[in-house]
Amino acid sequence: MAVPTATPVPHGGATETPVPTTRALPIAIAVTRMLMGFYFLWAFLDKVFGLGFATPAERAWINGGSPTTGFLSNATAESPLAGLFTALAGVPLVDWLFMLGLLGVGVTLLTGIGVRIGAIAGVAMLFLMYLAEFPLTLTGATNPLIDSHIIDMGVMAIAFFAVPTQRLSLARPWRALVGDKTWLW
């Protein structure tokens, strides 16, 4: 596949050559958005049904387990916010908010409907998980400040800002329904 070339454009006496454009970038962003959506949706399904990946069947939400207890009780040991996160572990309201967040973020990113709200919710969830594990010495991280939660927040930002040009989604019928309320895109 040949890379499209651009014609130089005069600009104030000098000639600037625009960066070549490609149709692959919006597709790559869409696939990344959908992968992130599946990542969140899978976490939701695993915690609900105990599929045996991060959550064994006996600790599944449908079997009476708490989706927040394991992470918030164990990841926070050295965190300066350990007291706060340990107190939140297993609280039914926190469990419900967490699970609704996983489901909502997963569905919005997979379908391309409401991506802006989903991306903001995803960043908030990821930031709280980051704080729960801070400092990152607990996870055996090789970087004391940056971990996968921060990288995932960057992916959420890309999804948020790429909404006007998103591909592989149900955005077109959704936008016809919500009109110019771009915050719902």
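For the pair residue 53 and residue 161, how long in nm is the line joining their label points, each one 7 Å along Cα→Cβ?
Calculated label separation equals 2.9 nm.
Extension gain residue 91-residue 124, at 0.36 nm per residue separation less the Cα-Cα distance, in nm?
Result for the pair: 10.0 nm of gain on full extension.
Tell me, what is the per residue accessible area of the range 41-179 in Å², probe radius 1.4 Å?
I get 53 Å² per residue for this part.
Please give the length that would be gained between residue 107 and residue 22 if that part of the chain were fully extended, namely 0.36 nm times their separation in residues minus their C-alpha to C-alpha distance (nm, one decimal).
Gain on extension, residue 107 to residue 22, equals 27.8 nm.
With a point put 7 Å past each Cα toward its Cβ, work out how far residue 31 is from residue 170 in nm, to one decimal.
2.3 nm
Along the charge dipole of the range 70-185, pointing to its positive end and built from +1/-1 on Cβ of Lys, Arg, Asp and Glu, which listed residue (114, 178, 154) has its Cα farthest out?
Of the candidates, 178 comes out farthest on the positive side.
Dividing the Cα radius of gyration by the Kirkwood radius, what Rg/Rh value follows for the range 38-185?
1.01
What spacing in nm lies between the two simple spin-label points modelled at residue 183 and residue 100, each 7 Å away from Cα in the Cβ direction?
According to this spin-label approximation, the distance is 1.8 nm.
The values are calculated or read from the model by the stated rules, or taken from the named source; none is laboratory data. This one's a predicted model, so the numbers in the text were calculated from it and none came from an experiment. Neighbour counts run over all protein chains shown; Cβ positions are idealised from the backbone, glycine included. These area figures cover heavy atoms from the full protein model, side chains too; ligands, DNA and RNA do not enter into them. Shrake-Rupley method; radii C 1.70, N 1.55, O 1.52, S 1.80 Å.
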